[in-house]
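Below is one structure, written out as structure tokens; comments come after it.
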């Protein structure tokens with residue numbers, strides 16, 4: 001699947017807007033806006049996006065089920081971006097190592 005888009009508006013520090021170009025497998029358009037929050041409260045980020053998935057409503061349902069729907073991905077990506085900006089790192093839900101020597105319940109001699 002190939003998405004080809006172009007930037008149609010760029011207001012530094014304030015707004016970015018894009019739309020898909022001819023030849024893109026998915027028609028999409030969107031805007032992301034940044035606005036100063038009250039003093040000491042950071043920045044508000046507003047994200048709006050529209051898209052026309054292959055397969056129409058059925059394609060959208062399948063993408064949502066597989067967590068590949070753009071709204072789901074955008075929410076997850078914005079949350080991770082916020083974590084990165086606030087803490088300098090992104091938390092991960094990594095499982096423990098499968099190596100026998102690193103099993104937490106194993107007694108070490």
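The values are calculated or read from the model by the stated rules, or taken from the named source; none is laboratory data. This is a predicted model, so every value here is computed, not measured. Note that each Cβ is placed from the backbone with ideal geometry, even for glycine, and that neighbours are counted across all protein chains shown.
Just the residues that are surrounded by 12 or more Cβ atoms within 10 Å (Cβ to Cβ) and within 21 Å of residue 2 (Cα to Cα), please, taken from segment 26-49. Once the filter is applied, which keeps residues that are surrounded by 12 or more Cβ atoms within 10 Å (Cβ to Cβ) and within 21 Å of residue 2 (Cα to Cα), segment 26-49 yields 26, 27, 28, 29, 30, 31, 49.
The single condition from (1) on the phi > 0 side of the Ramachandran plot; (2) touching a helix residue (DSSP H, G or I) at 6+ places or on another chain (Cβ under 7 Å) that residue 51 fails is (1).
Residue count for segment 5-19 satisfying the condition of being closer than 21 Å to residue 69 by Cα, modelled with pLDDT under 95 and over 17 Å from the mean Cα position of the chain (by Cα): 0. Checked against the criteria, residue 6 counts as surrounded by fewer than 11 Cβ atoms within 10 Å (Cβ to Cβ) and either in the same structural domain as residue 69 (by TED's automatic domain parsing) or within 22 Å of residue 73 (Cα to Cα) (or both). The strands (runs of 3 or more DSSP E) found wholly in segment 4-90 include none carrying at least 2 residues that are touching a residue at least 40 places away in the same chain (Cβ under 8 Å).
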